[in-house]
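As structure tokens, the structure follows; a few thoughts come after it.
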Amino acid sequence: MYSLNDEEKKRLAEGIRAAFAIPFIDDVEDFIWEAIFAYAKGIETTDPLKNIRSKRLFDVIDKERKIGWSVKAVQRAIYLPCDHEVVIQRADIFKKAIRLGFDSLSSDSPTEDLGAALLKHWYVEKVNKDAQIQEVEDKRVCILLKSPDRKKYVYFEDKLIEYHNEELKWDWTDISKTGLQARRRSDNALIFRWYPNQKQFFERFVFPETAYEFSIEPERLVASDMVALLLAKLEGKL
């Protein structure tokens, strides 16, 4: 797990406070969180006003050091340690069976085959392909946990772990086969969950007691004051 330095922690809290101060922004998520994260790290990010946003995996990239982050934000009760399942991909492995190296796949296929297809769909077809295209050598994930009142946060950054199928044991969660889950053989920890009906593939992340936890007091500016301030800056009056 990676940590922030003091300056990055300061910029992270300031970026979140500044975002919530704008009454036209309802939450820190998606591009807003990506932009705040890039600001905290001192990295330039793609401006959606000038460029089409990429649908590639790595939302923020340090081009000089070839580090790429898949950046996510999750609302939940804040306490440490904790764990949370995050959607990482839409994986229709039944439809893409031949492309993934299988004659066919269905809910009646051996679970180890389904698991192998899911890992290939994720790691080969997405993670590593996008890393090559985006010129990323150090693949990471960054997750911001935020409390419902937006006062408490946990920052988590770690390497994007690439599992091999022999490390995992795949089983259906029930006899109706509504969900397939993977547990790590070494300690029986739940790692992945996949739902064939929605095609959603989840990964479970564990946030240790040592993860960076911090608080802010969100405050809103009056809309008219904020607009006047920003327009004055844009027109060179400040």
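Since every read-out is calculated from the coordinates, none of them should be taken as a lab result. Nothing here was measured: the structure is a model prediction, and the numbers come from that model. Cβ placement follows ideal geometry from the backbone for every residue including glycine, while neighbour counts extend to all protein chains displayed.
Over the chain, what is the relative contact order in percent, taking alpha-carbon pairs closer than 8 angstrom and at least six residues apart?
Answer for the chain is 24 percent.
Provide the percentage of antiparallel DSSP beta bridges, counting only those with both residues in segment 50-163; round to the nearest 5.
That works out to approximately 55 percent antiparallel.
Using only helices, what value at 222 nm comes out for the chain when you add -39,500 (n - 2.57) per DSSP H run of length 4 or more and divide by the total residues, to the nearest 500 deg cm²/dmol?
Value at 222 nm, helices only: -7000 deg cm²/dmol.
Show me the ranking of peptides 120-128, 168-176, 68-76 by mean Cβ neighbours inside 10 Å, starting with the highest.
Descending mean neighbour count gives 68-76, 120-128, 168-176.
State whether the chain is rounded, prolate or oblate according to the following rule on the C-alpha gyration tensor (a ≥ b ≥ c being the square roots of its eigenvalues): a/c under 1.5 gives rounded; otherwise a/b larger than b/c gives prolate, and the remaining case gives oblate.
Prolate is the answer for the chain, as a/c is 1.5 or above and a/b outweighs b/c.
Assign one of three labels to segment 7-93, namely rounded, prolate or oblate, based on the Cα gyration tensor with a ≥ b ≥ c the square roots of its eigenvalues; rounded applies when a/c is under 1.5, prolate when it is not and a/b is larger than b/c, and oblate otherwise.
Cα axes put segment 7-93 in the rounded bin.
What are the lysines whose alpha-carbon lies under 24 Å from the alpha-carbon of residue 63, with same-chain residues fewer than 8 places away excluded?
Output for residue 63: 9, 10, 41, 50, 55, 72, 126, 129, 139, 159.
Where does segment 121-235 land on Rg/Rh, using Cα atoms and the Kirkwood Rh?
With Rg and the Kirkwood Rh in hand, the quotient comes to 1.14.
Could you tell me the distance between the Cα centroids of segment 93-150 and segment 198-238, to the nearest Å?
With segment 93-150 and segment 198-238 each reduced to a Cα centre, they are spaced 29 Å.
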